[in-house]
Ligand SMILES: NC(=O)c1ccc[n+]([C@@H]2O[C@H](COP(=O)([O-])OP(=O)(O)OC[C@H]3O[C@@H](n4cnc5c(N)ncnc54)[C@H](OP(=O)(O)O)[C@@H]3O)[C@@H](O)[C@H]2O)c1
């Protein structure tokens, strides 16, 4: 079969199309004929050896070390081609999607390929009304938004929620999931995303290239910040005393000042979860959740897809279509 592999760190050009054996599904795994795989930031962070991050980014855990050759890709949508020992609940021919073995790098998902294996426990049935490209766009970003809003925050009905980086992978799902829970959503993004975000249900929109969101918003109950960075603490001005800040990415939030005002921090590392994928599948099927597609590339053009990812300002997700 064909698979994208990197044989060393570097620019997107290190991603090449190789001929490799079709993998065997182990106990509890299924073999998937991949129809679409999706890019996520860790795919290109890892290709660059996480060189853009200081050690403090990995506080409390080891800096990840890739082994080569490496096939990236945690998000997959495809059709079950074989089932390993002990698998129940899935059969050959089922259309499935999921976040595969995440967190995990060397033993993680290998979705940039014609076939990949995945633990059945990480998968759910793809809704028939959603094509593979749109399904592959969901797992990591959708689960992140779901695990933040449902598991970590337990978002109360009617809260005012500011989503920073609202047009990106995590942000655009967070906007929609917050709306399903009756939130008043303020989306923060650059100029070109307004129509996209209003169409997804955002009640207010702040173009951060024209207006600083921390000057435009007061007394939000929750800030979901997918951007982070050294000035993340500016959102202390936008959140009410006793509110919540959810940093999706590493940032500096002046936690002592926040603690004095009773502001809590909630969040954590996204992880694979087939049962939660089934929850997302139900929302996709009833139309209350949809994936925005920034761009689609053929599997063989994975390097071009990574170039697009590194240019930033993404609207939704970047997907690889596997013929
Ligand atoms: N905690 C976890 O488990 C977890 C899970 C998933 C992702 N993450 C991390 O979260 C971050 C976001 O992930 P993602 O997949 O959503 O990334 P993404 O798809 O690249 O989206 C990032 C978005 O941020 C916007 N943006 C950039 N600078 C901004 C600024 N100064 N203010 C407001 N918006 C800005 C970009 O578009 P515009 O600038 O055009 O608006 C883009 O839409 C990544 O660093 C990722 O590694 C963490």
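The values are calculated or read from the model by the stated rules, or taken from the named source; none is laboratory data. Since the model is a prediction, treat every value here as computed from it, not as a measurement. Positions of Cβ are backbone-derived with ideal geometry, glycine not excepted, and every protein chain shown enters the neighbour counts.
Checking the range 28-46 against the condition returns a match, with at least one residue being more than 15 Å from the ligand (Cβ to nearest atom), farther than 27 Å from residue 291 by Cα and in the same structural domain as residue 87 (by TED's automatic domain parsing).
Residue-wise test of (1) over 20 Å from residue 76 (Cβ atoms); (2) more than 16 Å from the ligand (Cβ to nearest atom); (3) modelled with pLDDT under 95.
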position: 257; (1), (2), (3): yes, yes, no
position: 296; (1), (2), (3): no, no, no
position: 309; (1), (2), (3): no, no, no
position: 314; (1), (2), (3): no, no, no
position: 321; (1), (2), (3): no, yes, no
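Under the condition of being surrounded by fewer than 21 Cβ atoms within 10 Å (Cβ to Cβ) and away from the ligand (no atom under 13 Å from the Cβ), the residues counted in the range 206-250 number 10.
Entry remark, the range 125-172: residues being surrounded by 24 or more Cβ atoms within 10 Å (Cβ to Cβ) and assigned to a strand (DSSP E or B) number 4 in total. If you check 86, 93 for being in contact with a strand residue (DSSP E or B) (Cβ under 7 Å, 6 or more places away or on another chain) and in a loop (DSSP other than H, G, I, E, B), only one passes: 93. Taken over the range 10-68, the criterion of being over 21 Å from the mean Cα position of the chain (by Cα), part of a helix (DSSP H, G or I) and surrounded by 14 or more Cβ atoms within 10 Å (Cβ to Cβ) is satisfied by 14 alone.
Would it be correct to say that residue 203 is within 11 Å of the ligand (Cβ to nearest atom), without any contact (Cβ under 8 Å) to a residue 40 or more places away in the chain and either over 20 Å from residue 309 (Cα atoms) or assigned by TED's automatic domain parsing to the domain that holds residue 136 (or both)? Judged against the criteria, residue 203 is not a match. Consider residue 179 carefully, then state whether it is surrounded by fewer than 24 Cβ atoms within 10 Å (Cβ to Cβ) and either modelled with pLDDT under 95 or under 25 Å from residue 277 (Cβ atoms) (or both). The answer is yes for residue 179. Any residue in the range 102-112 that is touching a residue at least 24 places away in the same chain (Cβ under 8 Å) and part of a strand (DSSP E or B)? No, because not a single residue in the range 102-112 is touching a residue at least 24 places away in the same chain (Cβ under 8 Å) and part of a strand (DSSP E or B).
Scanning the range 264-288 for residues that are out of contact with any helix residue (DSSP H, G or I) (no Cβ under 8 Å at 6 or more places or on another chain) and within 16 Å of the ligand (Cβ to nearest atom) yields a count of 1.
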